[in-house]
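The values are calculated or read from the model by the stated rules, or taken from the named source; none is laboratory data. Everything numeric here is computed off the predicted structure, so don't read it as measured data. Positions of Cβ are backbone-derived with ideal geometry, glycine not excepted, and every protein chain shown enters the neighbour counts.
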Amino acid sequence: MIEKDASGGWKMTAPAPYPVDNVTVSSFVTAAANVSSDKVVEDKTADAGQYGLTQPVNTHVDSQDGKSKVLRVGDEAPAGSAVYASAAGDPHVYTIASYTKESFNKTPPT
């Protein structure tokens with residue numbers, strides 16, 4: 001988990017406290033705030049696995065007003081620079097820009 005500290009910078013609090021790069025985190029927050037779909041691929045998929053959404057990159061975003069959202073990002077789409085995505089609780093499958101997945105696919109240092 002990454003959250004703002006008292007000075008307005010960013011800090012990692014879980015899975016373990018660790019210093020983070022403020023520019024990288026700010027880029028991540030901007031990407032999360034501005035994610036939008038390119039198109040709807042399916043209104044209600046019976047097989048999320050065909051889009052890589054059974055083991056997706058999950059991005060949890062908690063806003064200051066207490067709302068929580070989960071964006072699930074799956075495999076690359078065959079045409080162009082897009083990836084499949086869905087929001088938790090939403091049956092639609094969308095495509096979003098592939099750079100969004102790159103922005104979200106970060107692992108904590110070991």
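The table that follows gives values for the structure above.
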item: Hits in region 1-37 (condition: surrounded by fewer than 11 Cβ atoms within 10 Å (Cβ to Cβ) and β-branched (Val, Ile, Thr)); result: VAL23
item: Restricting region 70-104 to residues that are more than 19 Å from ASP38 (Cβ to Cβ) and not β-branched (Val, Ile, Thr), the residue that is farthest from the chain's Cα centre (by Cα); result: GLY89
item: Qualifying strands (runs of 3 or more DSSP E) (wholly inside region 26-110; at least 3 residues being closer than 23 Å to ALA16 by Cα, modelled with pLDDT under 90 and of a type in the set (Val, Ile, Thr)); result: 57-62
item: Members of region 53-100 that are of a type outside the set (Val, Ile, Thr) and touching a Pro at 6+ places or on another chain (Cβ under 7 Å); result: ARG72, GLY74
item: Selection within region 4-14 - touching an Asp or Glu at 6+ places or on another chain (Cβ under 9 Å) and either in contact (Cβ under 8 Å) with a residue 60 or more places away in the chain or in a strand (DSSP E or B) (or both); result: TRP10, LYS11, MET12
item: Single unsatisfied condition, PRO56 versus (1) under 17 Å from the mean Cα position of the chain (by Cα); (2) surrounded by fewer than 16 Cβ atoms within 10 Å (Cβ to Cβ); result: (2)
item: Selection within region 13-68 - out of contact with any Gly (no Cβ under 9 Å at 6 or more places or on another chain) and charged (D, E, K, R); result: ASP21, LYS39, GLU42, ASP43, LYS44, ASP47, ASP62, ASP65, LYS67
item: Residue satisfying all of: in region 15-25; in a helix (DSSP H, G or I) and in contact with a Phe, Trp or Tyr (Cβ under 7 Å, 6 or more places away or on another chain); nearest to GLU76 (Cα to Cα) among these; result: VAL25
item: Considering residues of region 70-101 that are closer than 28 Å to GLY8 by Cβ and touching a helix residue (DSSP H, G or I) at 6+ places or on another chain (Cβ under 9 Å) only, the residue surrounded by the fewest Cβ atoms within 10 Å (Cβ to Cβ); result: TYR99
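For (1) out of contact with any strand residue (DSSP E or B) (no Cβ under 9 Å at 6 or more places or on another chain); (2) touching a residue at least 40 places away in the same chain (Cβ under 8 Å), each residue gets a yes or a no:
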site: MET1; (1), (2): no, no
site: ALA16; (1), (2): yes, yes
site: VAL29; (1), (2): no, no
site: ALA48; (1), (2): no, yes
site: HIS60; (1), (2): no, no
site: LEU71; (1), (2): no, no
